[in-house]
1. Consider the range B:27-39. How many of its residues are out of contact with any helix residue (DSSP H, G or I) (no Cβ under 8 Å at 6 or more places or on another chain) and crowded, with 17+ Cβ neighbours inside 10 Å?
2. Looking at the range B:48-69, I want the residues that are closer than 17 Å to residue A:15 by Cβ and have a partner that is assigned to a loop (DSSP other than H, G, I, E, B) with Cβ atoms under 7 Å, at least 6 apart or on another chain. Which pairs are those?
3. Check the range B:40-60 and report whether any residue there is at the interface with chain A (Cβ under 8 Å from one of its Cβ atoms), on the phi > 0 side of the Ramachandran plot and surrounded by fewer than 13 Cβ atoms within 10 Å (Cβ to Cβ).
4. Please identify the pairs in which a residue from the range A:11-36 that is closer than 17 Å to residue B:9 by Cα and more than 7 Å from chain B (Cβ to nearest Cβ) has its Cβ atom under 7 Å from the Cβ atom of a residue that is assigned to a helix (DSSP H, G or I) and modelled with pLDDT of 95 or more, counting only partners at least 6 apart or on another chain.
5. Considering the range A:67-81 alone, what residues qualify as being more than 7 Å from every other protein chain (Cβ to nearest Cβ) and crowded, with 20+ Cβ neighbours inside 10 Å?
């Protein structure tokens, strides 16, 4: 296969990757809501360690386990931010209307 | 669904994600070999821009396009390193046997 053929394959894989990452984000949002309702912390190092172990155990190459972990560090960082927004949404400030917020126009 | 249920779902999604990322890496390795044979550069900003555009176009949420791009910046960085190793593998020095390499025993 030539380079264009491989790139077409990569583009198809990326469509599926975006779907799976989005599905993973929806699960993270759901967990964020449950954490908010039960006052659980967003950052759970034990759970993150389990995720890193799982992806390395699932790895059959050609990437080194360390490379997969680097990708997952970024995935988990993004998901953690999504959960933070779920718990403290910026669009609904708890103290809206106080003097300190007076410079915010909308 | 409770948190454990969502985490089980995430673990299943991660198995599929590892498979797709690995398949993408195999395609990147194949492209690396073709680039080596045709003396093409590893870093191709135009192609990387197309990938970022494709993933944002495929995005249906809940992540912001910017979050997906952050994940893909890491994926592409890892893939670029894999291609570099394909072109200049550390295990097969071109000058093996010279004085400078004499300390390498195997």
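The values are calculated or read from the model by the stated rules, or taken from the named source; none is laboratory data. Quantities reported herein were computed from a predicted structural model and do not represent experimental measurements. Please note: Cβ atoms are built from the backbone with ideal geometry, for glycine as well, and neighbour counts cover all protein chains shown.
1. So the answer is 0.
2. Partner pairs satisfying both residue conditions: B:65/B:59; B:68/B:59.
3. Within the range B:40-60, none of the residues are at the interface with chain A (Cβ under 8 Å from one of its Cβ atoms), on the phi > 0 side of the Ramachandran plot and surrounded by fewer than 13 Cβ atoms within 10 Å (Cβ to Cβ).
4. A:28/A:79
5. A:72, A:79
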